[in-house]
1. Determine the pairs where a residue that is on the phi > 0 side of the Ramachandran plot, located within the range 102-129, has a partner that is of a type in the set (A, V, I, L, M) and assigned to a strand (DSSP E or B) with Cβ atoms under 7 Å apart, the partner being 6 or more residues away or on another chain.
2. Which of the residues spanning the range 361-396 are of a type in the set (Ser, Thr, Tyr) and within 18 Å of ILE279 (Cα to Cα)?
3. Among the residues of the range 155-171, are any surrounded by fewer than 23 Cβ atoms within 10 Å (Cβ to Cβ) and within 23 Å of SER94 (Cβ to Cβ)?
4. Scanning for something surrounded by 19 or more Cβ atoms within 10 Å (Cβ to Cβ), of a type in the set (Gly, Ala, Ser), touching a residue at least 12 places away in the same chain (Cβ under 8 Å) and in the same structural domain as LEU114 (by TED's automatic domain parsing), does the range 227-240 turn up at least one residue?
5. So LEU260 ticks every box in (1) more than 22 Å from the chain's Cα centre (by Cα); (2) crowded, with 23+ Cβ neighbours inside 10 Å but one. Which box is left unticked?
6. On the given criteria, is PRO314 modelled with pLDDT under 95, surrounded by fewer than 17 Cβ atoms within 10 Å (Cβ to Cβ) and on the phi < 0 side of the Ramachandran plot?
7. Pick from the range 358-406 the residues that are part of a loop (DSSP other than H, G, I, E, B) and not β-branched (Val, Ile, Thr): which of them is farthest from LYS142 (Cα to Cα)?
8. Assess whether ARG87 counts as being assigned to a helix (DSSP H, G or I), at pLDDT 90 or above and either farther than 20 Å from GLN254 by Cβ or touching an Asp or Glu at 6+ places or on another chain (Cβ under 7 Å) (or both).
Amino acid sequence: MVNRFLGLSLSVGALAFSPVVAFAEEDLIVTVGSGGANCLEDPHCINRLHPDVEMTTVAAPGQMIAFHTRNASDFNLDPAVTATDPRAAGPRASTVHPLAGPVRIKGAKRGDVLAVRIEKIDPGRFGYTEIGGIGFVSDKIKGPLRVAWRMNDDYAISDALPGVRIPNASFPGVVTVLPGKEEHAKILAREAALAATGAAVMGPLPVFASPAELCGENGAKANECLRTIPPREHGGNMDIRYIGEGATLYLPCQVDGCGLAIGDAHYAQGDGEVAGTAIEMDAIVTVSTRVIPRGGEKLTGPQFEGPARLLDIPSRRFYATTGFPFKPAGETPPDMTYLESPHAAELENLSKDISLAARNALLAMIDYISLTYGLTREQAYIVASVSVDLRIGQLVDTPNVGVTAILPVDIFVEE
């Protein structure tokens, strides 16, 4: 297939990238991150995005880059470690997400496309999943519940979920380049306008921000650094489980050198990450890069390709529930409250509302897991977050669009 979308006469599967630079054998792998106890102590780690963030590492196109990534919360997950982290008393969301990088890619220019191939992911040995305030139905199932996982190269288990074994399907939740100056200004303005309506927006927060000299409380751009919670045109926290080993991600390079950063590794996740977290872990994510000259102007957001096996559910059998945009009269879906619609509360049926349909499919699946496998609704919510896929059935059968929630039943094993 020819990548005509980018205006280049070259194959998407074997792109004619910029020439691979020759380098000494000892320099074949560039290592990024893992210094210090947390992101603030690591000179090769950031948890905010801004065009002025310094690129602390350099790699040539084609060179292997090993990103030593920290878990999403940036706290030690080893149960043997009992030391208290002083940041734990502060706002927990302020430490999210620690990203290894950013890496300057030699020869890459603003306006190019950076192709990032996921070569290998080495998972950590400990992980966690918890019900958070940003969960998709956390207004219905509040928790609190935090599940600790033990992982190997094949599967994850937890004492809190006996009889559940989650197969390894590791991927990085965050892959990003640095935003350009024009793009950064546009993002700040549109997110501020959205926040002014009362909508949920993660605005700049300098507490525990890294790099501190730029984004911290006394930083030069303390109120301008972007949080890493939402994905944007330059990539970021996409949380797409299909971007695993063998996938290639295409990102628009918005600054010279691109500034590639990776983090938020997940051992496994359902399509939707519905509780707000997947199986969060430390990991080593090894990638290679290629540069597509002058392709970025037609790339309005991340795109990716990979082997079809990445689309499969990790199970020989499945069970599915369905959801449609129905609700009780007098109830406003929480994601619509900022719109202050005079009709949303009184209606029992919303037209073509895919979010409401997805909520209903998920809540039906949580009830199914709870009743069938003897778990609490909180435990079932955790299981859904790490294994259940929310998929669109159809978008055309007005007014009732449809969503399915798909459970891979082979995750339930006899103890």
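1. As it stands, the answer is GLY107/VAL291, since those pairs meet every condition given.
2. Here is the first cut: in the range 361-396, the residues of a type in the set (Ser, Thr, Tyr) are 368, 370, 372-373, 376, 381, 385, 387.
Matches in the range 361-396: TYR381, SER385, SER387.
3. Within the range 155-171, not a single residue is surrounded by fewer than 23 Cβ atoms within 10 Å (Cβ to Cβ) and within 23 Å of SER94 (Cβ to Cβ).
4. Step one: of the range 227-240, the residues surrounded by 19 or more Cβ atoms within 10 Å (Cβ to Cβ) are 227-228, 232, 234-240.
If we keep only those that are of a type in the set (Gly, Ala, Ser) too, we end up with 235-236.
Pick out the ones that are also touching a residue at least 12 places away in the same chain (Cβ under 8 Å) and you get 235-236.
Narrowing the set further to residues that are in the same structural domain as LEU114 (by TED's automatic domain parsing) leaves 235-236.
Looking through the range 227-240, at least one residue is surrounded by 19 or more Cβ atoms within 10 Å (Cβ to Cβ), of a type in the set (Gly, Ala, Ser), touching a residue at least 12 places away in the same chain (Cβ under 8 Å) and in the same structural domain as LEU114 (by TED's automatic domain parsing).
5. Failed condition: (1).
6. Values: modelled with pLDDT under 95: yes; surrounded by fewer than 17 Cβ atoms within 10 Å (Cβ to Cβ): yes; on the phi < 0 side of the Ramachandran plot: yes.
Judged against the criteria, PRO314 is a match.
7. ASP397
8. Numbers: assigned to a helix (DSSP H, G or I): yes; at pLDDT 90 or above: yes; either farther than 20 Å from GLN254 by Cβ or touching an Asp or Glu at 6+ places or on another chain (Cβ under 7 Å) (or both): yes.
Taking the combined requirement at face value, the residue satisfies it.
The values are calculated or read from the model by the stated rules, or taken from the named source; none is laboratory data. For clarity, every value in this text was computed on a predicted model and none was experimentally measured. Using ideal geometry, Cβ is built from the backbone for each residue, glycine included, and neighbour counts are taken over all protein chains shown.
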